[in-house]
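The values are calculated or read from the model by the stated rules, or taken from the named source; none is laboratory data. Note that the structure is predicted; figures quoted are calculated from it, not measured. With ideal geometry, Cβ positions are generated from the backbone for all residues, glycine too; neighbour counts draw on all protein chains shown. All accessible areas refer to the heavy atoms of the entire protein, side chains included, with ligands and DNA or RNA removed. Shrake-Rupley method; radii C 1.70, N 1.55, O 1.52, S 1.80 Å.
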Amino acid sequence: MAVGEAPGARVSALPTRYCWLLLLLTPLLAGGAVVGDEALLLTLVHGFDASGLTFADYAREPGGWYIFHHTLWYGILYATTHVVDLLHASPLLVEAIVSCETVAAALAGIALCYVFLVRRLQLGPTRSAATVLVYFAGGYGVYTFCMGGQAESYMVLIMAARLFFVEPGIVNSKSQGWKLAVADSLLVAFKAYSVLFVVLTLPLFWGRASRTERLRYLGVLGILMLLLAAVKIWIWNPPTAYLGLGFSNTPQIFLNLAEEIGSPWTGLPFCLPALFVLFWSPKTLRKDLAIKVVGLLGCMAFFSRYAFFDGNTPGGRYIFPFTVSLLPELAAAISVLFSRHPRTSWLIPVVIVLFLPVCIFGFPFFSRHAFPARGPCQQVHPVLYSWKVAIAKISHQSNIQICYYGENFVLPARDVASPRLGPWRVAYLLEGGHSAYYREATHDQVQRQHDLWGTELSQRLASMGLGNPYLWRGLGLIPAILAFWLSIWVALRINTSDRPMPQVR
(Lines give C-alpha, C1' and ligand atoms only; values in the text may rest on other atoms or scores of the structure.)
Protein backbone atom coordinates (compact mmCIF):
# COMPACT_ATOMS: atom_id res chain seq x y z
CA MET A 1 0.00 0.00 0.00
CA ALA A 2 1.14 3.54 -0.67
CA VAL A 3 -0.65 6.63 0.38
CA GLY A 4 0.82 9.89 -0.86
CA GLU A 5 0.34 13.29 -2.32
CA ALA A 6 0.67 13.92 -6.02
CA PRO A 7 4.28 13.78 -7.30
CA GLY A 8 5.80 17.19 -7.68
CA ALA A 9 3.29 18.83 -5.39
CA ARG A 10 4.70 21.93 -3.71
CA VAL A 11 4.86 21.91 0.04
CA SER A 12 6.04 24.94 1.96
CA ALA A 13 9.46 24.63 3.57
CA LEU A 14 8.27 25.18 7.13
CA PRO A 15 5.81 22.28 7.31
CA THR A 16 8.15 19.90 5.46
CA ARG A 17 11.15 20.61 7.68
CA TYR A 18 9.63 21.37 11.03
CA CYS A 19 6.19 19.77 11.10
CA TRP A 20 7.48 16.78 13.07
CA LEU A 21 9.09 19.13 15.59
CA LEU A 22 5.74 20.79 16.19
CA LEU A 23 4.18 17.37 16.69
CA LEU A 24 6.79 16.72 19.33
CA LEU A 25 6.23 20.07 21.00
CA THR A 26 2.46 19.64 21.17
CA PRO A 27 2.50 17.52 24.37
CA LEU A 28 6.05 18.52 25.39
CA LEU A 29 5.03 20.18 28.62
CA ALA A 30 2.69 17.40 29.70
CA GLY A 31 3.53 15.24 32.69
CA GLY A 32 5.79 16.59 35.37
CA ALA A 33 4.85 14.22 38.17
CA VAL A 34 5.58 10.64 39.11
CA VAL A 35 2.20 9.10 39.91
CA GLY A 36 0.35 5.81 40.15
CA ASP A 37 2.26 2.62 39.37
CA GLU A 38 5.44 4.57 38.64
CA ALA A 39 5.38 6.15 42.09
CA LEU A 40 4.85 2.74 43.70
CA LEU A 41 7.75 1.20 41.81
CA LEU A 42 10.03 4.12 42.64
CA THR A 43 9.15 3.62 46.32
CA LEU A 44 10.13 -0.04 45.95
CA VAL A 45 13.47 1.00 44.44
CA HIS A 46 14.23 3.15 47.48
CA GLY A 47 12.95 0.41 49.77
CA PHE A 48 15.31 -2.12 48.21
CA ASP A 49 18.27 0.19 48.77
CA ALA A 50 17.39 0.51 52.45
CA SER A 51 16.42 -3.12 53.07
CA GLY A 52 19.78 -4.88 52.98
CA LEU A 53 18.12 -7.86 51.24
CA THR A 54 19.12 -9.45 47.97
CA PHE A 55 17.02 -8.55 44.95
CA ALA A 56 15.27 -11.92 44.82
CA ASP A 57 14.51 -11.90 48.56
CA TYR A 58 13.19 -8.34 48.39
CA ALA A 59 10.99 -9.17 45.39
CA ARG A 60 9.54 -12.11 47.35
CA GLU A 61 8.54 -9.85 50.23
CA PRO A 62 4.77 -9.15 50.53
CA GLY A 63 5.22 -5.64 49.14
CA GLY A 64 7.56 -6.80 46.39
CA TRP A 65 4.97 -8.63 44.29
CA TYR A 66 4.72 -5.53 42.07
CA ILE A 67 8.31 -6.07 40.95
CA PHE A 68 7.27 -9.45 39.55
CA HIS A 69 4.42 -7.72 37.72
CA HIS A 70 6.59 -4.86 36.34
CA THR A 71 10.08 -6.35 36.18
CA LEU A 72 11.33 -4.39 33.16
CA TRP A 73 9.79 -1.12 34.32
CA TYR A 74 11.31 -1.61 37.76
CA GLY A 75 14.69 -2.17 36.09
CA ILE A 76 14.43 1.12 34.22
CA LEU A 77 13.59 3.03 37.39
CA TYR A 78 16.35 1.26 39.33
CA ALA A 79 18.98 2.09 36.71
CA THR A 80 17.81 5.69 36.43
CA THR A 81 17.82 6.24 40.18
CA HIS A 82 21.33 4.90 40.67
CA VAL A 83 22.81 6.73 37.69
CA VAL A 84 21.31 9.99 38.96
CA ASP A 85 22.58 9.24 42.47
CA LEU A 86 26.11 9.46 41.08
CA LEU A 87 25.39 13.16 40.58
CA HIS A 88 24.19 13.47 44.22
CA ALA A 89 20.84 14.77 42.99
CA SER A 90 17.97 15.52 45.34
CA PRO A 91 14.95 13.13 45.49
CA LEU A 92 12.83 15.79 43.78
CA LEU A 93 15.27 15.95 40.87
CA VAL A 94 15.29 12.15 40.65
CA GLU A 95 11.50 12.15 40.25
CA ALA A 96 11.73 14.91 37.64
CA ILE A 97 14.20 12.85 35.59
CA VAL A 98 12.04 9.73 35.89
CA SER A 99 9.06 11.77 34.67
CA CYS A 100 11.12 13.13 31.76
CA GLU A 101 11.93 9.55 30.71
CA THR A 102 8.23 8.74 30.54
CA VAL A 103 7.51 11.87 28.52
CA ALA A 104 10.47 11.22 26.21
CA ALA A 105 9.26 7.69 25.49
CA ALA A 106 5.83 8.95 24.48
CA LEU A 107 7.28 11.77 22.37
CA ALA A 108 9.59 9.35 20.59
CA GLY A 109 6.55 7.19 19.85
CA ILE A 110 4.77 10.15 18.28
CA ALA A 111 7.85 11.00 16.22
CA LEU A 112 8.16 7.42 14.99
CA CYS A 113 4.51 7.40 13.96
CA TYR A 114 5.04 10.58 11.92
CA VAL A 115 8.25 9.24 10.34
CA PHE A 116 6.49 5.97 9.49
CA LEU A 117 3.68 7.79 7.69
CA VAL A 118 6.04 10.06 5.73
CA ARG A 119 8.87 7.65 4.94
CA ARG A 120 7.26 4.22 4.75
CA LEU A 121 3.70 5.01 3.64
CA GLN A 122 4.87 8.06 1.63
CA LEU A 123 2.06 10.16 3.01
CA GLY A 124 2.59 13.89 2.54
CA PRO A 125 3.33 16.19 5.51
CA THR A 126 -0.23 17.53 5.59
CA ARG A 127 -1.92 14.13 5.78
CA SER A 128 0.73 12.84 8.17
CA ALA A 129 0.22 15.79 10.50
CA ALA A 130 -3.56 15.37 10.28
CA THR A 131 -3.36 11.65 11.12
CA VAL A 132 -1.05 12.09 14.10
CA LEU A 133 -3.01 15.08 15.41
CA VAL A 134 -6.34 13.29 15.12
CA TYR A 135 -4.98 10.23 16.88
CA PHE A 136 -2.82 11.70 19.63
CA ALA A 137 -4.18 15.20 20.33
CA GLY A 138 -7.83 14.85 19.33
CA GLY A 139 -8.65 12.22 21.92
CA TYR A 140 -8.07 10.89 25.39
CA GLY A 141 -4.90 9.07 24.44
CA VAL A 142 -1.40 10.37 24.82
CA TYR A 143 -2.16 13.30 27.12
CA THR A 144 -3.78 11.18 29.77
CA PHE A 145 -2.05 7.82 29.63
CA CYS A 146 1.35 8.46 28.08
CA MET A 147 2.20 11.51 30.14
CA GLY A 148 0.94 10.34 33.50
CA GLY A 149 3.69 8.06 34.81
CA GLN A 150 2.41 4.95 33.06
CA ALA A 151 4.13 1.99 31.45
CA GLU A 152 1.81 2.59 28.49
CA SER A 153 4.09 5.44 27.37
CA TYR A 154 6.88 2.95 26.73
CA MET A 155 4.44 0.56 25.08
CA VAL A 156 3.34 3.27 22.63
CA LEU A 157 6.98 3.70 21.65
CA ILE A 158 7.36 -0.05 21.08
CA MET A 159 4.12 -0.24 19.10
CA ALA A 160 5.24 2.68 16.92
CA ALA A 161 8.55 0.92 16.21
CA ARG A 162 6.65 -2.30 15.52
CA LEU A 163 4.91 -0.63 12.55
CA PHE A 164 8.22 -0.67 10.68
CA PHE A 165 8.52 -4.46 10.97
CA VAL A 166 5.04 -5.82 10.38
CA GLU A 167 3.27 -3.75 7.72
CA PRO A 168 2.82 -4.84 4.06
CA GLY A 169 5.83 -4.28 1.83
CA ILE A 170 8.09 -4.12 4.87
CA VAL A 171 8.17 -7.64 6.27
CA ASN A 172 9.62 -8.98 3.01
CA SER A 173 12.81 -7.11 3.78
CA LYS A 174 15.66 -9.07 5.29
CA SER A 175 16.37 -9.08 9.03
CA GLN A 176 12.90 -7.89 10.01
CA GLY A 177 12.01 -11.08 11.87
CA TRP A 178 14.43 -10.66 14.77
CA LYS A 179 13.53 -6.95 15.12
CA LEU A 180 9.85 -7.79 15.42
CA ALA A 181 10.71 -10.51 17.92
CA VAL A 182 12.60 -8.00 20.10
CA ALA A 183 9.67 -5.54 19.94
CA ASP A 184 7.16 -8.24 20.86
CA SER A 185 9.36 -9.43 23.73
CA LEU A 186 9.58 -5.90 25.12
CA LEU A 187 5.80 -5.56 24.93
CA VAL A 188 5.33 -8.77 26.90
CA ALA A 189 8.04 -7.74 29.38
CA PHE A 190 6.17 -4.51 30.13
CA LYS A 191 2.70 -6.09 30.26
CA ALA A 192 2.25 -9.86 30.18
CA TYR A 193 -1.20 -9.66 28.57
CA SER A 194 0.48 -8.22 25.45
CA VAL A 195 1.03 -11.84 24.42
CA LEU A 196 -2.66 -11.95 23.48
CA PHE A 197 -2.23 -9.15 20.95
CA VAL A 198 1.04 -10.60 19.64
CA VAL A 199 -0.49 -14.05 19.03
CA LEU A 200 -3.80 -12.85 17.59
CA THR A 201 -2.11 -10.47 15.12
CA LEU A 202 0.73 -12.82 14.15
CA PRO A 203 -0.89 -13.57 10.73
CA LEU A 204 0.02 -10.02 9.67
CA PHE A 205 3.69 -11.03 9.74
CA TRP A 206 3.45 -14.76 9.15
CA GLY A 207 1.60 -14.58 5.84
CA ARG A 208 4.09 -12.16 4.26
CA ALA A 209 7.45 -13.14 5.71
CA SER A 210 9.77 -15.70 4.16
CA ARG A 211 10.44 -19.02 5.87
CA THR A 212 13.85 -17.75 6.98
CA GLU A 213 12.35 -14.67 8.62
CA ARG A 214 9.70 -16.77 10.36
CA LEU A 215 12.34 -19.06 11.85
CA ARG A 216 14.44 -16.07 12.86
CA TYR A 217 11.41 -14.52 14.56
CA LEU A 218 10.54 -17.70 16.47
CA GLY A 219 14.14 -18.30 17.51
CA VAL A 220 14.77 -14.82 18.90
CA LEU A 221 11.32 -14.59 20.50
CA GLY A 222 11.75 -18.00 22.14
CA ILE A 223 15.14 -17.13 23.62
CA LEU A 224 13.95 -13.78 24.98
CA MET A 225 10.75 -15.24 26.40
CA LEU A 226 12.70 -18.01 28.15
CA LEU A 227 14.99 -15.38 29.63
CA LEU A 228 12.03 -13.36 30.87
CA ALA A 229 10.38 -16.48 32.30
CA ALA A 230 13.60 -17.38 34.13
CA VAL A 231 13.73 -13.94 35.78
CA LYS A 232 10.05 -14.17 36.73
CA ILE A 233 10.49 -17.63 38.27
CA TRP A 234 13.60 -16.48 40.12
CA ILE A 235 11.71 -13.69 41.89
CA TRP A 236 8.36 -15.52 42.00
CA ASN A 237 6.10 -14.19 44.70
CA PRO A 238 2.48 -15.39 44.64
CA PRO A 239 0.67 -12.12 43.93
CA THR A 240 -1.87 -12.24 46.74
CA ALA A 241 -3.04 -8.79 45.72
CA TYR A 242 -4.31 -10.29 42.46
CA LEU A 243 -6.16 -13.04 44.28
CA GLY A 244 -8.33 -10.45 45.98
CA LEU A 245 -9.41 -8.86 42.70
CA GLY A 246 -11.83 -11.62 41.84
CA PHE A 247 -13.27 -12.67 38.52
CA SER A 248 -16.58 -11.66 36.99
CA ASN A 249 -19.23 -14.21 36.10
CA THR A 250 -19.93 -14.89 32.44
CA PRO A 251 -22.82 -12.42 31.96
CA GLN A 252 -20.80 -9.70 33.69
CA ILE A 253 -17.84 -10.36 31.39
CA PHE A 254 -19.96 -9.57 28.33
CA LEU A 255 -21.43 -6.53 30.07
CA ASN A 256 -17.93 -5.24 30.91
CA LEU A 257 -16.79 -5.79 27.33
CA ALA A 258 -19.82 -3.91 26.02
CA GLU A 259 -18.99 -1.03 28.39
CA GLU A 260 -15.37 -0.95 27.18
CA ILE A 261 -16.53 -0.70 23.57
CA GLY A 262 -19.90 1.03 23.48
CA SER A 263 -20.26 3.24 26.53
CA PRO A 264 -20.73 6.85 25.34
CA TRP A 265 -18.93 7.99 28.51
CA THR A 266 -15.96 5.67 28.80
CA GLY A 267 -15.93 3.47 25.68
CA LEU A 268 -12.66 3.42 23.75
CA PRO A 269 -14.05 4.76 20.43
CA PHE A 270 -15.79 7.66 22.20
CA CYS A 271 -12.62 8.61 24.06
CA LEU A 272 -10.51 8.13 20.93
CA PRO A 273 -12.86 9.43 18.20
CA ALA A 274 -10.28 8.97 15.45
CA LEU A 275 -11.32 5.31 15.43
CA PHE A 276 -14.64 6.26 13.83
CA VAL A 277 -12.74 7.38 10.72
CA LEU A 278 -11.83 3.72 10.09
CA PHE A 279 -15.27 3.27 8.49
CA TRP A 280 -13.72 4.95 5.42
CA SER A 281 -10.84 2.46 5.32
CA PRO A 282 -10.21 1.12 1.76
CA LYS A 283 -11.36 -2.42 1.02
CA THR A 284 -7.79 -3.55 0.35
CA LEU A 285 -6.91 -2.89 4.00
CA ARG A 286 -9.95 -4.38 5.66
CA LYS A 287 -8.39 -7.82 6.14
CA ASP A 288 -5.49 -6.30 8.07
CA LEU A 289 -7.91 -4.09 9.96
CA ALA A 290 -10.03 -7.09 10.95
CA ILE A 291 -6.99 -8.97 12.30
CA LYS A 292 -5.90 -5.98 14.38
CA VAL A 293 -9.41 -5.48 15.73
CA VAL A 294 -9.47 -9.13 16.79
CA GLY A 295 -6.21 -8.53 18.67
CA LEU A 296 -7.69 -5.48 20.42
CA LEU A 297 -10.87 -7.36 21.32
CA GLY A 298 -8.79 -10.20 22.74
CA CYS A 299 -7.05 -7.83 25.15
CA MET A 300 -10.33 -6.14 26.06
CA ALA A 301 -11.98 -9.50 26.72
CA PHE A 302 -9.10 -10.42 29.01
CA PHE A 303 -9.70 -7.37 31.18
CA SER A 304 -13.43 -7.92 31.17
CA ARG A 305 -12.82 -11.05 33.25
CA TYR A 306 -11.69 -9.00 36.24
CA ALA A 307 -14.27 -7.62 38.61
CA PHE A 308 -12.22 -4.45 39.15
CA PHE A 309 -12.26 -3.55 35.44
CA ASP A 310 -15.92 -2.75 34.92
CA GLY A 311 -15.53 -0.61 31.83
CA ASN A 312 -15.51 2.64 33.82
CA THR A 313 -11.85 3.38 33.08
CA PRO A 314 -12.08 6.22 30.56
CA GLY A 315 -10.60 5.46 27.18
CA GLY A 316 -9.33 2.01 28.05
CA ARG A 317 -5.86 2.91 29.31
CA TYR A 318 -4.69 -0.69 29.09
CA ILE A 319 -5.84 -1.03 25.47
CA PHE A 320 -4.72 2.34 24.12
CA PRO A 321 -1.11 1.40 23.16
CA PHE A 322 -2.28 -1.45 20.94
CA THR A 323 -4.48 0.90 18.90
CA VAL A 324 -1.25 2.39 17.48
CA SER A 325 -1.24 -0.64 15.18
CA LEU A 326 -4.27 0.87 13.41
CA LEU A 327 -2.31 3.92 12.24
CA PRO A 328 -1.79 2.72 8.59
CA GLU A 329 -5.51 1.99 8.18
CA LEU A 330 -6.36 5.25 9.91
CA ALA A 331 -4.06 7.21 7.57
CA ALA A 332 -5.64 5.62 4.51
CA ALA A 333 -9.16 6.23 5.82
CA ILE A 334 -8.38 9.89 6.56
CA SER A 335 -6.99 10.29 3.04
CA VAL A 336 -10.19 8.86 1.54
CA LEU A 337 -12.44 10.93 3.79
CA PHE A 338 -10.64 14.21 3.10
CA SER A 339 -10.52 13.47 -0.63
CA ARG A 340 -14.30 13.08 -0.73
CA HIS A 341 -15.22 15.62 1.93
CA PRO A 342 -12.31 18.03 2.54
CA ARG A 343 -14.40 20.28 4.78
CA THR A 344 -14.54 17.53 7.39
CA SER A 345 -10.90 18.44 8.13
CA TRP A 346 -12.26 21.38 10.16
CA LEU A 347 -13.39 18.83 12.73
CA ILE A 348 -9.72 18.38 13.71
CA PRO A 349 -9.35 21.73 15.52
CA VAL A 350 -12.83 21.30 17.01
CA VAL A 351 -11.99 17.90 18.52
CA ILE A 352 -8.61 19.16 19.75
CA VAL A 353 -10.22 22.11 21.55
CA LEU A 354 -12.78 19.79 23.13
CA PHE A 355 -10.10 17.49 24.51
CA LEU A 356 -7.54 20.10 25.57
CA PRO A 357 -8.78 20.39 29.19
CA VAL A 358 -8.51 16.61 29.44
CA CYS A 359 -4.73 16.92 29.21
CA ILE A 360 -4.71 19.61 31.91
CA PHE A 361 -6.88 18.08 34.63
CA GLY A 362 -6.74 14.49 35.80
CA PHE A 363 -9.41 12.50 37.53
CA PRO A 364 -9.23 12.61 41.34
CA PHE A 365 -7.66 9.79 43.28
CA PHE A 366 -8.80 9.06 46.82
CA SER A 367 -10.19 6.13 48.75
CA ARG A 368 -13.92 5.47 48.62
CA HIS A 369 -14.44 6.44 52.27
CA ALA A 370 -12.18 9.49 52.40
CA PHE A 371 -15.19 11.78 51.94
CA PRO A 372 -18.92 11.29 52.52
CA ALA A 373 -20.78 10.15 49.42
CA ARG A 374 -24.04 11.82 48.39
CA GLY A 375 -25.86 9.19 46.41
CA PRO A 376 -25.28 7.24 43.17
CA CYS A 377 -24.36 8.87 39.86
CA GLN A 378 -23.47 8.09 36.25
CA GLN A 379 -19.89 8.39 35.02
CA VAL A 380 -19.49 11.26 32.53
CA HIS A 381 -17.31 11.61 29.46
CA PRO A 382 -13.80 12.96 30.15
CA VAL A 383 -14.51 16.02 27.99
CA LEU A 384 -17.58 16.94 30.05
CA TYR A 385 -15.74 16.31 33.31
CA SER A 386 -12.63 18.29 32.39
CA TRP A 387 -14.60 21.27 31.06
CA LYS A 388 -16.74 21.24 34.20
CA VAL A 389 -13.58 21.39 36.31
CA ALA A 390 -12.03 24.09 34.11
CA ILE A 391 -15.13 26.31 34.32
CA ALA A 392 -15.32 25.80 38.09
CA LYS A 393 -11.71 26.87 38.54
CA ILE A 394 -11.95 29.83 36.16
CA SER A 395 -15.13 31.09 37.82
CA HIS A 396 -13.63 30.53 41.31
CA GLN A 397 -16.45 28.29 42.49
CA SER A 398 -16.04 27.22 46.09
CA ASN A 399 -17.34 23.65 45.65
CA ILE A 400 -18.02 21.28 42.79
CA GLN A 401 -19.89 17.99 42.56
CA ILE A 402 -18.13 15.09 40.85
CA CYS A 403 -18.93 11.46 40.10
CA TYR A 404 -16.37 8.96 41.40
CA TYR A 405 -16.75 5.27 42.28
CA GLY A 406 -20.29 5.61 40.88
CA GLU A 407 -21.17 8.03 43.69
CA ASN A 408 -21.48 11.80 44.05
CA PHE A 409 -18.89 13.72 46.05
CA VAL A 410 -18.76 17.45 46.77
CA LEU A 411 -15.23 18.85 47.04
CA PRO A 412 -13.60 22.28 46.92
CA ALA A 413 -12.84 23.27 43.33
CA ARG A 414 -9.12 23.53 44.10
CA ASP A 415 -9.02 19.89 45.26
CA VAL A 416 -11.16 18.19 42.66
CA ALA A 417 -8.40 17.74 40.08
CA SER A 418 -4.64 18.32 40.05
CA PRO A 419 -3.14 19.77 36.86
CA ARG A 420 -1.27 17.31 34.66
CA LEU A 421 0.88 19.72 32.68
CA GLY A 422 4.21 20.54 34.33
CA PRO A 423 3.89 24.37 34.25
CA TRP A 424 0.25 24.25 35.37
CA ARG A 425 1.26 22.02 38.25
CA VAL A 426 3.91 24.56 39.27
CA ALA A 427 1.30 27.33 39.14
CA TYR A 428 -0.96 25.15 41.29
CA LEU A 429 1.81 24.74 43.87
CA LEU A 430 2.54 28.47 43.87
CA GLU A 431 -1.09 29.03 44.88
CA GLY A 432 -0.88 26.56 47.75
CA GLY A 433 -1.89 23.30 46.07
CA HIS A 434 -4.47 21.11 47.80
CA SER A 435 -6.33 22.42 50.81
CA ALA A 436 -5.34 21.27 54.31
CA TYR A 437 -8.69 19.43 54.54
CA TYR A 438 -7.99 17.39 51.42
CA ARG A 439 -4.40 16.63 52.41
CA GLU A 440 -5.46 15.38 55.81
CA ALA A 441 -8.07 13.04 54.32
CA THR A 442 -6.13 11.64 51.36
CA HIS A 443 -2.37 12.16 51.56
CA ASP A 444 -0.13 9.41 52.88
CA GLN A 445 3.44 9.82 54.09
CA VAL A 446 4.89 9.88 50.57
CA GLN A 447 2.40 12.51 49.39
CA ARG A 448 3.08 14.62 52.45
CA GLN A 449 6.76 14.55 51.53
CA HIS A 450 5.77 15.75 48.06
CA ASP A 451 3.80 18.56 49.68
CA LEU A 452 6.96 19.65 51.50
CA TRP A 453 8.96 19.50 48.28
CA GLY A 454 6.28 21.56 46.54
CA THR A 455 6.41 24.20 49.25
CA GLU A 456 10.20 24.30 49.03
CA LEU A 457 10.08 24.60 45.24
CA SER A 458 7.54 27.43 45.44
CA GLN A 459 9.75 29.34 47.87
CA ARG A 460 12.80 28.93 45.63
CA LEU A 461 10.91 30.13 42.56
CA ALA A 462 9.57 33.12 44.45
CA SER A 463 13.10 34.06 45.60
CA MET A 464 14.21 33.95 41.96
CA GLY A 465 11.38 36.22 40.82
CA LEU A 466 9.52 33.31 39.16
CA GLY A 467 6.73 32.99 41.67
CA ASN A 468 3.94 34.45 39.52
CA PRO A 469 1.49 31.59 38.76
CA TYR A 470 0.19 33.39 35.65
CA LEU A 471 3.68 33.14 34.14
CA TRP A 472 3.59 29.37 34.48
CA ARG A 473 0.03 29.13 33.17
CA GLY A 474 1.10 31.07 30.08
CA LEU A 475 3.95 28.62 29.58
CA GLY A 476 1.49 25.77 30.00
CA LEU A 477 -0.64 27.16 27.16
CA ILE A 478 2.16 26.67 24.62
CA PRO A 479 1.24 23.04 23.79
CA ALA A 480 -2.43 24.01 23.34
CA ILE A 481 -1.51 26.92 21.06
CA LEU A 482 0.81 24.74 18.97
CA ALA A 483 -1.75 21.96 18.65
CA PHE A 484 -4.50 24.37 17.66
CA TRP A 485 -2.28 26.28 15.21
CA LEU A 486 -1.12 23.08 13.54
CA SER A 487 -4.70 21.79 13.25
CA ILE A 488 -5.80 25.06 11.60
CA TRP A 489 -2.85 24.86 9.20
CA VAL A 490 -3.76 21.27 8.28
CA ALA A 491 -7.41 22.16 7.64
CA LEU A 492 -6.45 25.17 5.50
CA ARG A 493 -4.00 23.12 3.44
CA ILE A 494 -6.57 20.41 2.79
CA ASN A 495 -9.33 22.85 1.81
CA THR A 496 -7.39 25.43 -0.20
CA SER A 497 -4.95 23.26 -2.13
CA ASP A 498 -5.63 23.13 -5.86
CA ARG A 499 -3.42 20.11 -6.51
CA PRO A 500 -4.91 16.63 -6.99
CA MET A 501 -6.09 14.92 -3.84
CA PRO A 502 -4.02 11.94 -2.64
CA GLN A 503 -4.87 8.56 -4.05
CA VAL A 504 -4.86 5.26 -2.19
CA ARG A 505 -3.58 2.32 -4.18
Qualifying residue in region 363-384 (condition: modelled with pLDDT of 85 or more, assigned to a helix (DSSP H, G or I) and of a type in the set (Val, Ile, Thr)): yes
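A quick yes/no check of all residues on (1) touching a helix residue (DSSP H, G or I) at 6+ places or on another chain (Cβ under 6 Å); (2) at pLDDT below 85:
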{"position": "Tyr405", "(1), (2)": "no, yes"}
{"position": "Leu430", "(1), (2)": "yes, no"}
{"position": "Tyr438", "(1), (2)": "no, no"}
{"position": "Leu452", "(1), (2)": "no, yes"}
{"position": "Trp489", "(1), (2)": "no, no"}
Condition check for Arg420: open to solvent by less than 70 Å² (accessible area, probe 1.4 Å) and at pLDDT below 85: yes
Single condition Glu431 does not satisfy, out of (1) out of contact with any Gly (no Cβ under 9 Å at 6 or more places or on another chain); (2) among the charged types (D, E, K, R); (3) closer than 24 Å to Leu482 by Cβ: (3)
Of residues in region 464-487 being of a type in the set (Phe, Trp, Tyr) and under 19 Å from Gly432 (Cα atoms), the one most open to solvent (accessible area, probe 1.4 Å): Tyr470
From Ala181, Ala161, residue being modelled with pLDDT of 85 or more, open to solvent by less than 10 Å² (accessible area, probe 1.4 Å) and not in a loop (DSSP other than H, G, I, E, B): Ala181
Of residues in region 193-215 being closer than 12 Å to Ala181 by Cα and of a type in the set (D, E, K, R), the one surrounded by the fewest Cβ atoms within 10 Å (Cβ to Cβ): Arg214
Some residue of region 306-319 being among the small types (Gly, Ala, Ser), out of contact with any strand residue (DSSP E or B) (no Cβ under 9 Å at 6 or more places or on another chain), within 24 Å of Pro282 (Cα to Cα) and in contact (Cβ under 8 Å) with a residue 40 or more places away in the chain: no
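This table checks each residue for (1) under 26 Å from the mean Cα position of the chain (by Cα); (2) within 22 Å of Gly476 (Cβ to Cβ); (3) crowded, with 16+ Cβ neighbours inside 10 Å.
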{"site": "Phe361", "(1), (2), (3)": "yes, yes, yes"}
{"site": "Phe366", "(1), (2), (3)": "yes, no, yes"}
{"site": "Phe371", "(1), (2), (3)": "no, no, yes"}
{"site": "Gly375", "(1), (2), (3)": "no, no, no"}
{"site": "Val380", "(1), (2), (3)": "yes, no, yes"}
{"site": "Lys393", "(1), (2), (3)": "yes, yes, yes"}
{"site": "Gln401", "(1), (2), (3)": "no, no, no"}
{"site": "Tyr404", "(1), (2), (3)": "yes, no, yes"}
Looking only at region 34-67, and only at residues there that are under 20 Å from the mean Cα position of the chain (by Cα) and not in a helix (DSSP H, G or I), the one that is surrounded by the most Cβ atoms within 10 Å (Cβ to Cβ): Val34
Count of residues meeting criterion [modelled with pLDDT under 85 and either part of a helix (DSSP H, G or I) or among the charged types (D, E, K, R) (or both)] in region 126-153: 6
Leading residue by the ranking (farthest from Glu38 (Cα to Cα)) among those in region 79-95 that are out of contact with any helix residue (DSSP H, G or I) (no Cβ under 6 Å at 6 or more places or on another chain) and in contact (Cβ under 8 Å) with a residue 60 or more places away in the chain: Pro91
Test: residue in region 268-279 that is open to solvent by less than 60 Å² (accessible area, probe 1.4 Å), under 20 Å from Tyr193 (Cα atoms) and modelled with pLDDT under 90: yes
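Rundown of residues vs (1) touching a Pro at 6+ places or on another chain (Cβ under 9 Å); (2) assigned to a helix (DSSP H, G or I); (3) open to solvent by less than 40 Å² (accessible area, probe 1.4 Å); (4) over 30 Å from Arg473 (Cα atoms), yes/no style:
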residue	(1), (2), (3), (4)
Trp265	yes, no, no, no
Arg286	no, yes, no, yes
Leu296	no, yes, yes, yes
Gly316	no, no, yes, no
Pro328	yes, yes, yes, yes
Ser335	yes, yes, yes, yes
Trp346	no, yes, no, no
Val353	no, yes, no, no
Region 68-110 - residue that is β-branched (Val, Ile, Thr) and modelled with pLDDT of 90 or more and, of those, most open to solvent (accessible area, probe 1.4 Å): Val83
Single unsatisfied condition, Asp415 versus (1) buried (at least 20 other Cβ atoms within 10 Å of the Cβ); (2) under 14 Å from Phe366 (Cα atoms); (3) in contact with a Lys or Arg (Cβ under 7 Å, 6 or more places away or on another chain): (3)
